[in-house]
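Asks: I'd like to ask some things about the structure below.
The values are calculated or read from the model by the stated rules, or taken from the named source; none is laboratory data. This one's a predicted model, so the numbers in the text were calculated from it and none came from an experiment. Cβ placement follows ideal geometry from the backbone for every residue including glycine, while neighbour counts extend to all protein chains displayed. When the accessible area is computed, the model is the full protein with side chains, heavy atoms only, and any ligands, DNA or RNA have been set aside. Shrake-Rupley method; radii C 1.70, N 1.55, O 1.52, S 1.80 Å.
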Amino acid sequence: MEARELLQELCGSLRAVLARVREGEPGEGREPFEPPRFWDALGQAFKVTSQEATKLSLAFSRPPLPSAENCRKLSEDVQNAILAVATVYYWLPKGQGTTLRKMVRDATTEVLEGMIQLTETILISPLGSSSQEQLISTGGVWEACEQVCSLPRDNQAAVVSVLSAFLGVVKDAVEEMENALVEERDPYSDIIEDEELGFRGNRDTYWSEADRKLLGSCMGLMKASKACLKKVLSVVKAYGKADSPEQIAQLDDLADIANEISPSVDELALSMYPPMNHLAVRLNAAKLASVLKKVLEITKTSHVCPPSEEGWVQFLTGAVDHNMDKIKNFTQGEL
C-alpha cells in the first residue's frame with residue numbers, strides 16, 4: 001500500500017474517533033475515579049500525541065519518503081496515541097461535572113482536529129516537501145496538546161473559567177454601547193430644515209429624545225448584567241466547592257444559566273441601535289431581565305451564597321426590576 005493510501009486511511013480512522021468523542025458520553029466507570037491518575041494519564045497521552053505529530057510531519061518534510069513499512073508504523077503510532085487520548089477522556093465520569101467534562105472534551109476534540117488537519121495537509125502537499133501549511137498544522141497540534149496544562153482540575157475551577165469568559169464578553173458589549181452613545185450626534189444637525197417639510201430628512205440614523213429616555217434604562221439593565229456576572233464569579237471563587245454531587249450540580253446549573261446572559265445582552269444591544277423599534281427593545285429587555293433573575297435566584301439558593309452574600313443578590317434583583325419597570329413605562333404606548 002502506498003504512503004498516500006495509508007495517510008488517507010489514517011485520516012478516516014481519526015475522523016471516526018473524533019465522531020465518537022463528539023457524540024459519546026463518558027460513563028461512570030466501574031472503578032472509583034482518581035483525579036491524580038486521570039490528569040497524569042491525560043497529560044501523558046497529549047504529550048505522546050504531540051511527539052507523534054512531530055515524527056509524522058518530519059517523515060514527510062523531505063526526501064526520501066518513508067518506506068511502506070515505516071509509513072504503516074507511523075500511521076499506527078498516531079492512531080494509538082489518539083486512541084489513548086480518547087480513552088483517557090472517557091475515564092472522566094459525568095459526576096465530576098458537565099462544565100469540566102465539556103472543557104476536557106473540547107480540548108480532546110481540538111487535538112483530534114489538529115491531527116486530522118496535519119494529515120490532510122501532508123496529503124495535499126507534494127509528498128516529501130515541507131510546506132508552510134504543514135509547519136503551521138504541526139504547530140497547531142503542539143499548541144492543542146499543551147492545553148492540558150491549563151485545563152481546570154475540578155468543576156469549581158471549570159465554572160470560574162467559563163464565568164470569566166462570559167464576563168469578558170458582556171464587558172465588551174457594555175463598553176461598545178457606551179461608546180456608541182457618547183459618540184452619537186445628530187448627523188443632520190448642520191443641514192437647514194426643509195422649508196416645505198419643516199424638518200430635516202431621514203432621522204433613522206440617530207436617536208430621538210424618546211429613544212434616549214429608553215436607552216438609559218436599557219443601559220442600566222446591561223450594566224446590571226455585568227455586575228451580576230462579576231458578583232457571581234466572585235462568590236464561586238470564594239465559596240464554590242466540588243466535593244459533593246450536590247455542589248457540582250449547583251455549579252453546573254449556575255454555568256448553564258449564566259451562559260444565557262451574553263446572547264441576551266447582545267440581542268438587546270442590537271435592538272438599541274437606530275432606528276429603534278421600542279416594542280422589540282421591550283421584549284429583548286424582558287428576556288434579559290428574566291435570565292438575570294434566574295441567575296440571581298439560582299445563586300441565592302446554592303452553596304456559593306452564604307447569608308453574608310445575600311445583600312447584593314437582593315440589591316441586583318431590585319436594580320433589574322427597577323430598570324425593567326422604567327422600560328415598560330416608556331414603551332406602554334407600543335402595546
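Asks: Taking only region 314-335 into account, find how many residues are touching a residue at least 60 places away in the same chain (Cβ under 8 Å) and in contact with a Lys or Arg (Cβ under 8 Å, 6 or more places away or on another chain).
Replies: 5
Asks: Just one of the numbered conditions (1) open to solvent by less than 40 Å² (accessible area, probe 1.4 Å); (2) within 22 Å of ALA238 (Cα to Cα) is not true of SER137; which one?
Replies: Checking SER137 against (1) open to solvent by less than 40 Å² (accessible area, probe 1.4 Å); (2) within 22 Å of ALA238 (Cα to Cα), the one that fails is (2).
Asks: Here is a follow-up. For SER225, all conditions in the list (1) over 30 Å from SER271 (Cβ atoms); (2) at pLDDT 95 or above; (3) of a type in the set (Ser, Thr, Tyr) hold save one; what is the number of the exception?
Replies: So the condition that SER225 fails would be (1).
Asks: Kindly indicate which of ASP204, ASP243 is assigned to a loop (DSSP other than H, G, I, E, B), more than 25 Å from GLN314 (Cα to Cα) and modelled with pLDDT of 95 or more. Give the steps one after another, and end with the answer.
Replies: Working: ASP204 fails: modelled with pLDDT of 95 or more.
Result: ASP243 is the single residue among ASP204, ASP243 that is assigned to a loop (DSSP other than H, G, I, E, B), more than 25 Å from GLN314 (Cα to Cα) and modelled with pLDDT of 95 or more.
Asks: Looking for something in contact with a Gly (Cβ under 9 Å, 6 or more places away or on another chain), modelled with pLDDT under 95 and open to solvent by 100 Å² or more (accessible area, probe 1.4 Å) - is there at least one such residue anywhere in region 40-60?
Replies: no
Asks: Further question: Mind counting the residues in region 271-294 that are open to solvent by 50 Å² or more (accessible area, probe 1.4 Å), over 20 Å from VAL170 (Cα atoms) and of a type in the set (A, V, I, L, M)?
Replies: Taking region 271-294 as the starting set, the residues that turn out to be open to solvent by 50 Å² or more (accessible area, probe 1.4 Å) are 273, 275, 277, 279, 283, 287, 290, 293-294.
Right, trim to over 20 Å from VAL170 (Cα atoms) and you get 275, 277, 279.
Narrowing further to those that are of a type in the set (A, V, I, L, M): 279.
So the answer is 1.
Asks: Next question. Within region 102-126, take every residue that is surrounded by fewer than 16 Cβ atoms within 10 Å (Cβ to Cβ) and over 18 Å from the mean Cα position of the chain (by Cα) and give me the one that is modelled with the lowest pLDDT.
Replies: Only one residue tops the list, namely PRO126.
Asks: For the subset of region 61-85 comprising residues that are open to solvent by 50 Å² or more (accessible area, probe 1.4 Å) and under 33 Å from the mean Cα position of the chain (by Cα), which member is farthest from VAL17 (Cα to Cα)?
Replies: Per the stated criteria, the residue is ASN80.
Asks: Let me ask you something else. Is there any pair linking a residue in region 47-75 that is under 25 Å from THR108 (Cβ atoms) to one that is open to solvent by 60 Å² or more (accessible area, probe 1.4 Å), with Cβ under 6 Å and at least six apart or on different chains, and which?
Replies: Listed pairs, sorted by first residue: SER50/TRP142.
Asks: Provide a single number: the residues in region 295-318 that are surrounded by 16 or more Cβ atoms within 10 Å (Cβ to Cβ) and in a helix (DSSP H, G or I).
Replies: The qualifying residues number 9.
Asks: Confirm whether ALA3 is crowded, with 18+ Cβ neighbours inside 10 Å and at pLDDT below 90.
Replies: Details: crowded, with 18+ Cβ neighbours inside 10 Å: yes; at pLDDT below 90: yes.
Yes: the conditions hold for ALA3.
Asks: Also: Please find, among GLU133, GLU110, the residue that is under 19 Å from LEU7 (Cα atoms), charged (D, E, K, R) and assigned to a helix (DSSP H, G or I).
Replies: Details: GLU110 fails: under 19 Å from LEU7 (Cα atoms).
Result: GLU133 is the single residue among GLU133, GLU110 that is under 19 Å from LEU7 (Cα atoms), charged (D, E, K, R) and assigned to a helix (DSSP H, G or I).
Asks: Shifting gears a bit: Could we say that LEU233 is buried (at least 16 other Cβ atoms within 10 Å of the Cβ), under 21 Å from the mean Cα position of the chain (by Cα) and in the same structural domain as MET219 (by the TED database) here? Outline the logic, then answer.
Replies: Details: buried (at least 16 other Cβ atoms within 10 Å of the Cβ): yes; under 21 Å from the mean Cα position of the chain (by Cα): yes; in the same structural domain as MET219 (by the TED database): yes.
Criteria met by LEU233.
Asks: Further question on the same structure: For region 121-143, what are the residues that are within 30 Å of THR99 (Cβ to Cβ) and without any contact (Cβ under 8 Å) to a residue 40 or more places away in the chain?
Replies: Result: GLY139, GLY140, GLU143.
Asks: May I ask you to list the residues in region 319-335 that are closer than 23 Å to LEU163 by Cα and open to solvent by 80 Å² or more (accessible area, probe 1.4 Å)?
Replies: none
Asks: Let me ask something else. Considering each residue of region 9-34, count those that are open to solvent by less than 60 Å² (accessible area, probe 1.4 Å), at pLDDT 95 or above and over 22 Å from the mean Cα position of the chain (by Cα), and give that number.
Replies: Within region 9-34, residues that are open to solvent by less than 60 Å² (accessible area, probe 1.4 Å), at pLDDT 95 or above and over 22 Å from the mean Cα position of the chain (by Cα) number 7.
Asks: Can you name every residue in region 148-183 that is modelled with pLDDT of 95 or more and among the polar types (S, T, N, Q)?
Replies: Passing the criteria: SER150, ASN155, GLN156, SER161, SER164.
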